[in-house]
Every structure is written in C-alpha cells, then in structure tokens.
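Have a look at the structure below before the remarks.
The values are calculated or read from the model by the stated rules, or taken from the named source; none is laboratory data. Note that this is a predicted model, so its numbers are computed, not measured. Neighbour counts are summed over all protein chains in view; Cβ atoms, including those assigned to glycine, are modelled from backbone coordinates with ideal geometry.
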Ligand code: HEM
Ligand SMILES: *[C@@H]1O[C@H](CO)[C@@H](O)[C@H](O)[C@H]1NC(C)=O
C-alpha cells in the first residue's frame, strides 16, 4: 500500500493519488494504442500513434500552425503509402486507392474533424452520416444543376467584366490579385445563390482586410478541433465589442454574418415565385421535400454560409496559381493570348460576340491552363477523412477495420510523378492530346471524391475559364506584371482546411495595353 508514499496516509497522499491516477490511465491508453489497438501494425511515427497531441502540435503551433499536411507527406516518404497519422486514423497516398470514397462505402465524415472545425452550423458539408448527407444534398444538387447554372451565366459574366473594368482603370497601380480574386469568387457565389451578388468587387480596396478575417476564423476552427470543439462556440457567443477588441478582423466577420442573415431572411419571406420564374437557393431549399426541421433558419443560414465559405478561398487560390504561373512565363502567356485571339477573331467573323464558356472549353491551350491550375493550386491541402462504419476495408496487406478514420489528400495524386510527369511544373501542353487527357482527367480530383464531391465544381470552372480568358485575352485592354512577388507570397503554406500562403499574396502592377486588341485601337 505504502510503496508509493512511504510517509503514512495523511494530507499529501490524496494529492499524489489524484495526480497519479490520470497518469496511469494515460499510460495504459498509450500502451493499448501501441499494442492491442487494431491499427498497431500500421507504420507511422511512434508519437503520432501514442497521442493526438502530436497532430495538435503541428496543426496549432509549429510554424504558425496548419502544417500537419506537410508532415504527413514527410511520413509517406519515410514509411510508404499507408501511415497511421494519429491514434485512430490512417492516411493513404496511392492514386489508385479509392475504396472509402466509393458510393457503396456509405462512409460518414468524422465529427471531430469537420463539426468541431466548422462549428455548430448544420450544413450539407458537415453532415456526419451518409444518410443525413444524402438528405441534405438532394435539393442543393438540384440548385447546382448545369441548367440552373446556365440561367445565372449573365450574372457570372458581369462579375468577371466588373473585375476587368476595375483592373483596366487601375493603370499604373499595384493590385493584390489575391484580394481581387477572393472578391470575384464571393460575388460569383452569392450572385448565383441569391441572384444578386454581395458586391465585394465594389469595395475600393478589394476588401483588403477580409483575408485576415477568413484566416482568423479558420485558425480558430483548427484550435477548436483540437480542444474538443469548445473554442468556436465561445467565440461566437462573445459580445461584438469584446470580439472586435480582441481582433479587429471580427468586425468583417460580423458584417458578413449580418449580410447573410438578412439575405436568408429576405429569401425565406419572399412570396413563392410565379411558375417559370427562378427560385433562389434558399427558396429552392424551402420549396423542397426536406422535412420541416431541415428548413429552419439556422439550417438555411448554415447552408448559405457553407456554400460561400466553400466557394471563395478555393476558387481564388486556383486563379492566383494560374495567374502567377502565366505571368512568370512569357512564352505560355503568349501562347494563351494567341489562342484566345484567334478564337475571338474567328467568332467575330461569324458575327458572334465575346467568347463564352461553351467556346472556351473547346480551346486546348486554355483548357490545359485551367487544368494545370486545378492540379497545382492545392486550394484544399487538407486531407478528407471518412469513416466506414459497416465494413472493413483493405489496403494491400493491411486490413483497416470498420470504424477507422481513413483519409487521402488530393494533392498527393496531383504531385505523383507516375501519373503526372514532372509534377511540379506548370505544363498546359500535357493536356493537349485527347487520349492522354482522358487518362489524366481520371487523376485530376481537386473537387474531392465520391458522394461528397464538390457541388460548386461547374460554377468554379466557369468562373476560372471566364476570368482567364477576359484577363489575358487580347481584348483585355491592360497588362499585368508580377510586383515584388515570390512564390511564398501566394503558394499555400498553412492548411486550415483551405490553404493559405505565408506571404503577402499575389501582387501585380497594371499597365494599359500597348498591344492592339481586335481592332479596338487605344483602349
Ligand atoms: C476551384 C474551386 C473549388 C475547389 C478546388 C473545391 C474543392 C472542394 C472539395 C475538395 C470538397 C470536398 C470536401 C470534403 O470532402 O470534405 C468540396 C465540397 C464542396 N464545395 Fe467546393 N471547391 C471549389 C469551389 C466551390 C464553389 C465555387 C462552390 C459553391 C459556390 C463550392 C461548394 C461546395 C460545397 C457545397 C461542398 C460540399 C459538398 C457536400 O458535402 O456534399 N465549391 N469542394
Ligand atoms: C492580408 O491582409 C493584410 C492586411 O491588409 C495584408 O498585409 C496581407 O498582405 C494580406 N495577405 C494576403 C495573403 O493576402
């Protein structure tokens, strides 16, 4: 009895036992994880198998946080294609392994990873179970159907044109395209969801401070994920004045929340549209066959918030990547311009207007540029974890028991030299040959995979094609050149679900074109 405390049982021992018991519990948990746990045979770092604190350190502290994705890549280099990245999760880097994302896997999303990160917002993308996800996604998918996106095409084009007009007017100025593209993506997403964009593109500084707000929210989400989800609700319940004092960026977050609130409320209260006239996104959900508890204000608000959050940083990061590569390679830029110029001239000969999405996607070099952007931009460096509750899965000789969290990262495939030769190079030409394009397309998965595939992929693709063709087409009326920009200014560094650069963003100097665009001299 007294081996632990040989001085009798008064006073001090209680304290010692109180300290000792948790230590012994922790120790047995660690021993279990290393020996009898079903994942004990999966390779990986010793510490990562012992405790989730290993991941928490990389996600919250190391190099400013959001760095576990890089550490996971390092683990694969050391241990091979399957790694135990924390006590309860395996990560697989193998472009041909897809079992957990298949429809038949009916996998769910792990609550700790998504829900604790995004907070208590009951949206489609955080729905935990496959069944709930299917229920919620149904009516959203109707809204994101091609035919409906087509209906909003004029709104999308108008946003791209507005951006171009602003850049044209900024002759001689330095502009942060990271900010400008974020505004474009927000206005395209909100224009599509509500028929009327929020108007971020009208902001004189392209909403310069907004990046700080976004970063603060997702950084807090990461901390929240590793502190049992406690942090975000606390933050959301803070009075505005206190929040603003802690971090001025919260002012913008509040503003965004208010704008979304009033938009959602307005849509909920609008009379049902006349037959044949369009429903906005919220009205579509309200008119759907969802059960009443799925049509409450918090639900509709969360869906709106999630669509805007999902569509903004991702699309902007992709456009930033494309632009940075084109501006640092005059040869590719020239080739792009030439292709766009020829297509424009051909269309004009037939009396057509400016190039539209349907024209652009037929152009091989433009398509190569967009695809290379989607491949290299890495807007979601996060792994995409799933849990398969009702069946064991296999990877080579390893059995992964039901209930295990399993993840893959899209960028691992995009960087795989066996699939994409010279994976680090921006090579639009690799997409030129139709046969090869078919093969590569199978491995191009910036949108994730399976039942939870990105809903906005068509919208984002249209946005990218139009932006690239209008910004770099011979009729743009302005030129851009990189301004004091290194790779680290724009390449994703921190992963807070989406990727964020370490540096200052992509900045360019605008100058009026000396080149003459299809006959419009001296624009
Ligand atoms: C280049 C741009 C984009 C990329 C790379 C991208 C990527 C992704 C990825 C990887 C996922 C899966 C997340 C997961 O498995 O946890 C996803 C889901 C989603 N994305 Fe996107 N996205 C982009 C643009 C957009 C846009 C513009 C919108 C809408 C306006 C959007 C709306 C959504 C929604 C609603 C989901 C959740 C789908 C579900 O859970 O069923 N995305 N996106
Ligand atoms: C974010 O905004 C801040 C403040 O306006 C700016 O200094 C910084 O360069 C921006 N960062 C990025 C990546 O755009």
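To keep it simple, each residue is scored yes or no on (1) assigned by TED's automatic domain parsing to the domain that holds residue 130; (2) under 30 Å from residue 85 (Cα atoms); (3) at pLDDT below 95.
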{"site": "387", "(1), (2), (3)": "yes, yes, no"}
{"site": "430", "(1), (2), (3)": "yes, no, no"}
{"site": "434", "(1), (2), (3)": "yes, no, yes"}
{"site": "439", "(1), (2), (3)": "yes, no, no"}
{"site": "446", "(1), (2), (3)": "yes, yes, no"}
{"site": "467", "(1), (2), (3)": "yes, no, no"}
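Note on region 196-220: among residues that are in contact with a strand residue (DSSP E or B) (Cβ under 9 Å, 6 or more places away or on another chain) and within 15 Å of ligand 1 (Cβ to nearest atom), the one that is farthest from residue 497 (Cα to Cα) is 214. Does residue 355 count as assigned by TED's automatic domain parsing to the domain that holds residue 156, assigned to a helix (DSSP H, G or I) and either buried (at least 16 other Cβ atoms within 10 Å of the Cβ) or more than 27 Å from the chain's Cα centre (by Cα) (or both)? No: the conditions fail for residue 355. Within region 130-144, not a single residue is under 18 Å from the mean Cα position of the chain (by Cα), part of a loop (DSSP other than H, G, I, E, B) and either more than 10 Å from ligand 1 (Cβ to nearest atom) or under 22 Å from residue 236 (Cβ atoms) (or both). Looking at the structure I just gave you, is residue 188 touching a residue at least 24 places away in the same chain (Cβ under 8 Å) and either exposed (fewer than 14 other Cβ atoms within 10 Å of the Cβ) or within 16 Å of ligand 2 (Cβ to nearest atom) (or both)? No: the conditions fail for residue 188.
Report those helices (runs of 4 or more DSSP H) wholly inside region 417-523 carrying at least 3 residues which are within 16 Å of ligand 2 (Cβ to nearest atom) and within 25 Å of the chain's Cα centre (by Cα). Steps first, please.
Details: elements: 434-443, 457-472, 487-490.
So the answer is 487-490.
Within region 310-328, residues that are under 17 Å from residue 447 (Cα atoms) sit with their Cβ atoms under 8 Å from residues that are at pLDDT below 95 and more than 16 Å from ligand 2 (Cβ to nearest atom), at 6+ positions apart or across chains, in these pairs: 310/125. Counting only residues that are part of a helix (DSSP H, G or I) and farther than 16 Å from residue 193 by Cβ, region 265-274 holds 1 of them.
When residue 228 is tested against (1) more than 30 Å from residue 157 (Cα to Cα); (2) surrounded by 17 or more Cβ atoms within 10 Å (Cβ to Cβ), exactly one condition is not met: (2). Of 325, 334, all but one fail to be modelled with pLDDT of 95 or more, closer than 16 Å to residue 492 by Cβ and away from ligand 2 (no atom under 16 Å from the Cβ); the exception is 325. Going through region 81-129 one residue at a time, which ones are farther than 23 Å from residue 229 by Cβ and assigned to a loop (DSSP other than H, G, I, E, B)? Those that are farther than 23 Å from residue 229 by Cβ and assigned to a loop (DSSP other than H, G, I, E, B): 81, 93, 94, 95, 96, 97, 98, 102, 106. A single member of 241, 277, 262 is more than 30 Å from residue 55 (Cβ to Cβ), assigned to a loop (DSSP other than H, G, I, E, B) and in the same structural domain as residue 496 (by TED's automatic domain parsing), and it is 277. Selection of first residues in region 202-216 that are surrounded by fewer than 16 Cβ atoms within 10 Å (Cβ to Cβ) and of second residues that are part of a loop (DSSP other than H, G, I, E, B), restricted to Cβ pairs under 9 Å at least 6 apart or on distinct chains, gives the following pairs, ordered by first then second residue: 209/248; 209/249; 212/247; 212/248; 212/249.
State all residues of region 35-52 that are surrounded by 14 or more Cβ atoms within 10 Å (Cβ to Cβ) and part of a helix (DSSP H, G or I); if no residue qualifies, say none. Step through it out loud before you land on a result.
Within region 35-52, the first condition is being surrounded by 14 or more Cβ atoms within 10 Å (Cβ to Cβ), and the residues that meet it are 37-39, 42-45, 48-52.
Matches in region 35-52: 48, 49, 50.
Among all positions in region 115-122, there is at least one residue which is at pLDDT below 95, closer than 30 Å to residue 487 by Cβ and more than 16 Å from ligand 2 (Cβ to nearest atom).
Residues in region 270-322 that are away from ligand 2 (no atom under 16 Å from the Cβ), within 25 Å of residue 500 (Cα to Cα) and buried (at least 24 other Cβ atoms within 10 Å of the Cβ): 303, 304, 307, 322. Taken together, the criteria exclude residue 224 from residues that are within 16 Å of ligand 2 (Cβ to nearest atom), in a helix (DSSP H, G or I), assigned by TED's automatic domain parsing to the domain that holds residue 270 and closer than 22 Å to residue 65 by Cα.
Looking at the structure I just gave you, is residue 367 part of a helix (DSSP H, G or I), under 22 Å from residue 158 (Cβ atoms) and assigned by TED's automatic domain parsing to the domain that holds residue 498?
Values: part of a helix (DSSP H, G or I): yes; under 22 Å from residue 158 (Cβ atoms): no; assigned by TED's automatic domain parsing to the domain that holds residue 498: yes.
No; evaluated as a whole, the condition is false for this residue.
Scanning region 64-75 for residues that are more than 21 Å from the chain's Cα centre (by Cα) and surrounded by fewer than 19 Cβ atoms within 10 Å (Cβ to Cβ) gives a single hit, 74.
Among the residues examined, residue 114 does not qualify as within 11 Å of ligand 1 (Cβ to nearest atom), within 30 Å of residue 396 (Cβ to Cβ) and in contact with a strand residue (DSSP E or B) (Cβ under 9 Å, 6 or more places away or on another chain).
Assessment of region 183-191 against the conditions (under 21 Å from residue 256 (Cβ atoms), in a helix (DSSP H, G or I) and more than 14 Å from ligand 1 (Cβ to nearest atom)) yields no matching residue. A residue that is closer than 26 Å to residue 159 by Cβ, assigned to a helix (DSSP H, G or I), more than 27 Å from the chain's Cα centre (by Cα) and away from ligand 1 (no atom under 16 Å from the Cβ) occurs nowhere in region 311-327.
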